[in-house]
Each structure stands twice: as structure tokens, then as C-alpha cells.
Amino acid sequence: MGIKNIIKAFIPPILLSLFRKPKIEMLKKPESEIWSGNYSSWLEAKAQSSGYDSVTILEKCKTAILKVKNAEAVYERDSVLFDEIQHSWGLLAGLQRAALENNAKLCVLDFGGSLGSTYYQNKDFLETLDDLQWCIVEQPNFVDCGKMYFENEQLKFYHTVDECISKHNPNVLLLSSVMQYLEKPYEWIAKYVALKIPYIIIDRTAFVNSERDILTVQNVPEEIYKASYPAWFFDEKKMLSKFKNYRILGSFESFCDAPQLINSTYKGKWRGHILGLSK
């Protein structure tokens with residue numbers, strides 16, 4: 001059975017993390033007010049969320065990334081501009097390993113990759129590769145915007161995973177700050193595994209010191225944009241066990257600052273993992 005329209009279930013493509021200090025002082029809320037509640041179902045959490053204005057978010061993201069593309073700014077993440085690039089060294093290690101095993105060729109399927117934030121973050125370290133292809137699968141309005149303003153010989157945009165795979169042969173599936181915003185993340189993991197892409201790199205993913213997943217509502221500080229939506233914090237062991245036929249090659253702390261408290265009870269963390277398909 002083909003994987004079609006795989007992107008349609010996304011909660012917004014511009015997703016907040018707790019960052020190291022950017023150019024603006026954006027985090028005025030206590031952490032316990034950013035992630036609130038402990039919900040028993042997605043519908044219950046969604047009922048306590050305001051949702052988001054996708055048009056506003058898209059425009060903010062486009063404006064920021066255009067500044068990076070045009071060398072008017074150094075780095076962007078989630079529509080916020082930074083004075084310097086914050087690299088994810090674990091992610092880079094995984095990308096470079098995949099390229100080394102593939103004759104210096106790298107094709108990344110960046111699932112939920114916005115307008116290319118991670119591509120621009122890492123392209124200077126990947127420019128010596130013989131072949132670099134960075135393929136983003138996103139919501140329709142982001143794909144249309146990406147094709148109009150950002151697409152080039154390396155960076156491409158697709159509406160579905162099937163569309164991407166029909167034109168490329170990715171050797172890395174990148175999941176960066178996306179799984180915690182999916183209504184049914186374990187069903188999505190089963191779809192990821194079925195693709196049999198040689199490497200899966202997880203980055204900026206929310207985990208918690210609990211023996212079960214915690215479902216919260218994330219309240220975005222208005223300095224970024226006004227929104228709130230359901231957000232998971234995963235039991236790390238449970239989540240990783242679902243990547244059948246993949247082995248953990250390495251794990252790393254994500255470059256974002258981790259939330260110290262969720263609901264004033266649970267300690268959260270951002271983590272990354274490099275997974276390789278077992279041979």
C-alpha cells in the first residue's frame with residue numbers, strides 16, 4: 001500500500017522549541033505556562049488549544065528565511081532570526097556518515113522541513129559533497145511558497161512522500177521537531193519504517209522523564225506568533241522501540257535548551273538519535 005498524502009495531518013510546520021537567546025527576548029512566560037496540562041486524548045488537548053493562523057505563520061517564516069537566503073541575516077529557526085548559526089552536531093554527523101557510505105552523495109527527505117531552515121543551517125558543511133539533494137515534504141501552502149521563492153538545484157519541495165520518492169532516492173529521512181506534533185505518532189513511525197530508507201535521523205524531539213508519553217498543550221509566546229496546539233513528550237525507550245529493523249548508531253542532546261519543567265512536575269529534554277537500517 002502506497003504512502004499517499006502523508007503530510008496532511010501536520011500540526012503547524014513552524015514549531016516552537018525553547019531556544020538559546022535569539023535576537024529578541026521572546027520567552028517571557030514561565031515554562032509551566034508554555035507546556036500545560038496532562039491530557040488523556042488528542043481531542044481533549046485540541047479542545048484546550050486555540051489553533052494557529054497558518055497564513056500568518058507562513059508569511060513570517062518566508063520573510064525570515066528570505067533574509068537568510070539573500071545573506072541579509074545569518075540564521076533562522078521557526079521564523080526567528082539569530083546572530084549566529086546554531087549547529088546540530090549530532091545531525092551533521094549522521095548526514096556525513098550517510099554521505100560517506102553513498103559515494104559522497106546525500107539525498108535528504110526532510111519531513112515537515114518548513115521552507116528549508118535545516119538545509120540553510122547545514123549546507124556550508126555539505127557543499128563539498130559530489131551530490132546534495134534536499135527534499136522537503138510539507139503542507140500545500142508551504143510547498144507552493146517554497147517552489148516560488150526557495151527552490152533551486154539542491155532544494156526541492158513536494159506535497160507527499162510518494163511524490164518525492166518517485167523523483168529521488170533518499171538515503172536519509174530527517175524528522176526534526178515534527179513527531180511531537182502528530183496526532184498519532186506511532187502510526188506515522190510505522191509509515192516511516194515501511195519506507196526502508198537507510199538512515200533515519202531524529203532531532204529536536206521532546207522526551208520526558210516518565211514511563212509513559214505525556215500529552216500537553218503548547219502555548220507559543222506571542223512574541224513569535226499567537227497559537228497553541230497539542231504537543232507530545234515521549235517515553236524515549238517506548239518511542240525508539242517502534243523503529244523496527246533500525247538500530248541506534250548514536251544519540252545526542254539537541255542544540256536547543258531543554259524545558260526544565262512540564263506541568264511543574266516532569267523534566268523535559270530535547271534529544272536526537274541516528275538510526276541505521278539493519279542489514
Problem - Matching residues in segment 225-251 - criterion: being crowded, with 17+ Cβ neighbours inside 10 Å and in contact with a helix residue (DSSP H, G or I) (Cβ under 8 Å, 6 or more places away or on another chain) - result: Tyr225, Ala227, Tyr229, Pro230, Ala231, Trp232, Phe233, Phe234, Met239, Phe243, Tyr246
Handout entry: Qualifying positions in segment 58-74 - closer than 23 Å to Ala227 by Cα, in contact (Cβ under 8 Å) with a residue 40 or more places away in the chain and not hydrophobic (A, V, I, L, M, F, W, C)
Key = Lys60, Lys62
Practice task
Would you please list the contacts, defined by Cβ atoms under 7 Å and residues six or more apart or on different chains, that run from a residue in segment 178-200 that is hydroxyl-bearing (Ser, Thr, Tyr) to a residue that is surrounded by 13 or more Cβ atoms within 10 Å (Cβ to Cβ) and part of a helix (DSSP H, G or I)?
Solution key: Tyr199/Gly94; Tyr199/Ala98
Problem - Those residues of segment 118-163 which are crowded, with 22+ Cβ neighbours inside 10 Å, among the β-branched types (Val, Ile, Thr), outside any helix (DSSP H, G or I) and out of contact with any His (no Cβ under 9 Å at 6 or more places or on another chain), in sequence order - result: Ile136
Problem - segment 85-106 residues that are exposed (fewer than 15 other Cβ atoms within 10 Å of the Cβ), paired with ones that are outside any helix (DSSP H, G or I) and at pLDDT 95 or above (beta carbon under 6 Å, 6 or more apart) - result: Ala104/Leu129; Ala104/Asp130
Practice task
Go through (1) in contact (Cβ under 8 Å) with a residue 60 or more places away in the chain; (2) assigned to a loop (DSSP other than H, G, I, E, B); (3) surrounded by fewer than 17 Cβ atoms within 10 Å (Cβ to Cβ) and name the single condition Arg212 misses.
Solution key: (1)
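Looking at Glu127, is it without any contact (Cβ under 8 Å) to a residue 40 or more places away in the chain, touching a helix residue (DSSP H, G or I) at 6+ places or on another chain (Cβ under 9 Å) and of a type outside the set (A, V, I, L, M, F, W, C)?
Working: without any contact (Cβ under 8 Å) to a residue 40 or more places away in the chain: yes; touching a helix residue (DSSP H, G or I) at 6+ places or on another chain (Cβ under 9 Å): no; of a type outside the set (A, V, I, L, M, F, W, C): yes.
Considered against the rule, which asks whether it is without any contact (Cβ under 8 Å) to a residue 40 or more places away in the chain, touching a helix residue (DSSP H, G or I) at 6+ places or on another chain (Cβ under 9 Å) and of a type outside the set (A, V, I, L, M, F, W, C), Glu127 comes out as no.
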Problem - Scan of segment 88-141 for residues that are within 18 Å of Arg271 (Cα to Cα) and among the small types (Gly, Ala, Ser), ordered by number - result: Ser88, Gly90, Ala93, Gly94, Gly112, Gly113
Practice task
Could you figure out which of (1) aliphatic (A, V, I, L, M); (2) modelled with pLDDT of 95 or more; (3) under 25 Å from Arg97 (Cα atoms); (4) under 16 Å from the mean Cα position of the chain (by Cα) isn't true of Ala206?
Solution key: (2)
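The values are calculated or read from the model by the stated rules, or taken from the named source; none is laboratory data. Small disclaimer: the values here were computed from a predicted structure and weren't measured. In this analysis, Cβ positions are derived from the backbone assuming ideal geometry, glycine residues included, and neighbour counts consider all displayed protein chains.
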